[in-house]
Amino acid sequence: MLPHTPLIATIAVGFVSALVFGLAANRLRLPPIVGYLLAGVVVGPFTPGIVADGDMAAELAEIGVILLMFGVGLHFSYKDLLAVKAIAVPGAIAQIVVATGMGMGMAALLGWPMASGLVFGLALSVASTVVLLRALEERQLLDTRSGHIAIGWLVVEDIVTIFALVMLPVLAELLTPAAVDAPAAGAGDVLRSLALVLGKLVAFVVLMFVVGRRAILWLLSRAARTGSRELFTLSVLAIGVGLAYGAATLFGVSFALGAFFAGMILKGSELSHKAAHDTLPLRDAFAVLFFVSVGMLFDPRVLLTQPLGVLGTCLIIIVGKSAVAYLIVRIFRHPGDTALLIAASLAQIGEFSFMLVTLGLNLGLLPEAGRDLVLGGAILSITANPAIFTIAMRMRTRRMRRTTTAPNPGHENGPRQARETDHIIVVGLGRVGQRVAASLATSATPTVVIETSVERVDAHRRSGGTAILGNAAHDEVLKAAGVQQARHLLVAVPHGLEAGEIVAHARRLNPGLRIVARAHVDAEVTHIRERGADRVIMGEREIARLMIADIEALPPE
């Protein structure tokens with residue numbers, strides 16, 4: 001590693017190794033996340049060869065967490081958060097309590113003291129922000145009610161983690177007073193610490209919504225009025241990263257929670273969609289560095305020295321915690337598909353677990369063996385999470401076919417296979433797709449919709465439409481929608497790369513199909529056309545064309 005350029009060297013090693021192993025994982029039909037994690041193991045301190053700066057990589061990964069949570073906030077209003085509080089708050093707290101108990105039970109079997117078991121159990125009970133959000137984004141579930149519950153659950157876990165991080169030093173004083181110069185902490189100290197944390201959290205939220213909201217929206221609008229794309233993007237990044245750092249420094253709030261609230265406030269601006277679009281490349285890039293940094297922490301030898309401990313840890317994370325979450329969601333009378341999504345979302349651990357483990361080690365509450373088990377569980381659970389999500393999504397699809405309301409009277413179940421011919425297929429029921437589908441419905445044009453959201457599919461079927469639940473990038477889903485008998489395919493999903501994959505699959509299944517897709521930038525237009533689309537519509541171009549057409553249509557003065 002170059003001695004005078006640790007930042008550049010770390011970024012270069014992280015990106016290059018992630019690209020190489022990510023492509024290799026894709027070649028082997030594995031999720032790219034597996035490649036990123038393996039890249040981190042290879043450039044980490046426990047394997048020979050190039051060793052990246054672990055501390056620097058961890059800080060860069062924290063930027064990824066900030067940007068990702070900021071982006072989620074841009075799609076998530078405080079009303080969405082309040083709408084799921086009835087399940088997210090009690091559900092997350094109950095799940096943390098039960099999962100912590102499981103971890104304490106395993107620690108007791110290993111002969112560790114109760115304090116070590118408490119830290120170990122807490123570390124296993126909280127899920128990774130980055131892993132969850134990447135999974136929801138890839139499956140277009142962020143804007144669904146199930147996605148909102150998962151995010152709300154995550155926010156509650158973050159708040160509980162903040163309290164735990166503050167209370168662990170107090171716990172260390174109570175349990176090991178001789179190791180501390182000050183006298184042992186009493187009940188009054190505990191109550192004062194809790195009140196201080198709660199007061200800071202309340203002060204942060206009030207300040208953000210009373211003062212921060214106006215200041216943020218004013219700054220963003222000023223930057224937008226300059227007409228400079230660079231200044232606008234810079235203002236978005238300054239708001240997200242600056243507020244996250246300020247929240248952590250002044251109020252003791254985690255970077256992730258501070259960034260989430262900053263994005264949620266920006267949600268009220270008409271510029272929120274542009275802000276989300278402009279920061280997407282940075283969010284993706286730094287999220288990759290997060291997975292590389294996680295891989296760097298892992299010592300593969302733990303798989304040989306503590307195989308049973310690693311197995312038990314993984315079972316608690318993947319099986320025990322998920323089963324508890326599923327039962328809690330069902331007890332609150334939410335549908336099974338929502339329970340499956342929440343269970344899959346929580347079947348992993350990540351950055352919050354590392355924070356708890358690091359503090360536990362520094363306070364002498366957790367043995368080094370506990371750190372190794374948590375890191376091993378994190379690597380294996382993150383690696384397995386895409387497969388767990390795939391299984392959960394397939395189970396949701398089967399359940400949807402059995403239980404959703406039929407689009408036509410007299411039929412008990414939704415269609416397993418579309419029966420339409422010479423019809424139009426609309427992919428995606430977002431803002432654009434809903435308008436397209438509604439317009440086609442008024443003209444009585446035979447239409448089949450493909451959508452990944454159970455809630456949207458259910459609503460479309462109840463309104464009398466035909467909908468297929470699934471990802472249109474898969475051949476079986478396109479065939480279920482009757483792509484080989486269709487006339488047109490309208491791809492209304494907002495992500496250019498995903499749209500390109502859908503277009504390529506559809507073109508291969510039906511070479512004579514007319515395909516129209518949407519795009520945001522010129523690069524996406526080129527990509528989608530190369531994949532086989534007949535026409536790609538970009539919003540800015542169409543607006544310009546209509547404005548010119550309107551002028552030309554005016555009679556001469």
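The values are calculated or read from the model by the stated rules, or taken from the named source; none is laboratory data. All values reported here derive from a predicted model rather than from experimental measurement. Positions of Cβ are backbone-derived with ideal geometry, glycine not excepted, and every protein chain shown enters the neighbour counts. Keep in mind that these areas ignore ligands, DNA and RNA; they rest on the heavy atoms of the full protein, side chains included. Shrake-Rupley method; radii C 1.70, N 1.55, O 1.52, S 1.80 Å.
Solvent-accessible area assigned to carbon and sulfur over the chain amounts to 64 percent, based on a 1.4 Å probe. Annotation: extensible slack from residue 390 through residue 167 equals 76.5 nm (criterion: 0.36 nm per residue apart, minus Cα-Cα distance). Taking all protein chains into account, the per residue accessible area for the chain stands at 46 Å² (1.4 Å probe).
What translational diffusion coefficient, to the nearest whole µm²/s, does region 9-89 have by Stokes-Einstein, given a Kirkwood radius computed over alpha-carbon pairs, a temperature of 25 °C and 0.890 mPa s viscosity? Rounded, D is 165 µm²/s.
Peptides 23-34, 119-130, 57-68, 485-496 ordered by packing proxy, namely the average of other Cβ atoms within 10 Å per residue, highest first: 119-130, 57-68, 485-496, 23-34. List, in the order given, every pair from 200/321; 79/274; 85/267; 85/200 whose Cα-Cα distance in the structure shown is over 23 Å. Distance filter (> 23 Å) returns 200/321. The separation of region 263-320 from region 6-37, counted between C-alpha centres, amounts to 14 Å. Running Debye on region 225-351 with equal point scatterers at the Cα sites and no solvent, what base-10 log of I(q)/I(0) appears at q = 0.12, 0.23 Å⁻¹? Debye curve over Cα of region 225-351, log10 I(q)/I(0) at q = 0.12, 0.23 Å⁻¹: -0.75, -1.20. I need the calculated FRET efficiency for the pair residue 445 and residue 323, taking r as the beta carbon distance and R₀ as 45 Å, to the nearest 0.05. The formula returns an efficiency of 0.50 here. Farthest towards the positive end of the charge dipole of the chain, among the residues 538, 24, 231, is the Cα of 538, using unit charges on the Cβ of Lys, Arg, Asp and Glu.
Each residue, residue 308 and residue 358, gets one label point 7 Å from its Cα in the Cβ direction; the gap between the two is 3.3 nm.
With label points built 7 Å along Cα→Cβ from the Cα atoms of residue 108 and residue 548, find their separation and express it in nm. Roughly 7.6 nm, to one decimal. Computed on region 36-162, the Cα convex hull volume stands at 139 Å³ per residue. When the chain is described by a simple charge dipole with +1 on each Lys and Arg Cβ and -1 on each Asp and Glu Cβ, the residue from 14, 370, 153 located farthest towards its positive end is 153.
Taking packing as the residue-averaged number of other Cβ atoms within 10 angstrom, the listed peptides 513-526, 330-343 run from highest to lowest as 330-343, 513-526.
Summary of packing: across the peptides 293-306, 375-388, the per-residue average of other C-beta atoms within 10 Å ranks them, highest first, as 375-388, 293-306. Per-residue extension of 0.36 nm, minus the Cα-Cα distance of residue 462 and residue 284, leaves a gain of 60.4 nm for this segment.
Please pull out the direction-averaged projected area of region 1-53, using the convex hull of its alpha-carbon atoms, in nm² to one decimal place. Spell out each step's value before the answer.
Values: hull surface 13.7 nm².
The Cα convex hull of region 1-53, projected and averaged over all directions, gives 3.4 nm².
Counting 0.36 nm for each residue step from residue 301 to residue 541 and taking away their Cα separation leaves a gain of 80.8 nm.
Suppose we take every Cα in the chain and form the convex hull; what volume per residue is that in Å³? Before the final figure, lay out each step's value.
Numbers: hull volume 103.9 nm³, N = 557.
Looking at the chain, the number lands at 187 Å³ per residue.
Please report, in debye to the nearest 20, how large the charge dipole of the chain is about its Cα centre when each Lys and Arg carries +1 at its beta carbon and each Asp and Glu carries -1 there.
Values: 46 positive and 41 negative charges, 345 e Å.
With only Lys, Arg, Asp and Glu charged at Cβ, the dipole is about 1660 debye.
The label point for residue 438 and the one for residue 7, both projected 7 Å from the Cα toward the Cβ, are 4.8 nm apart.
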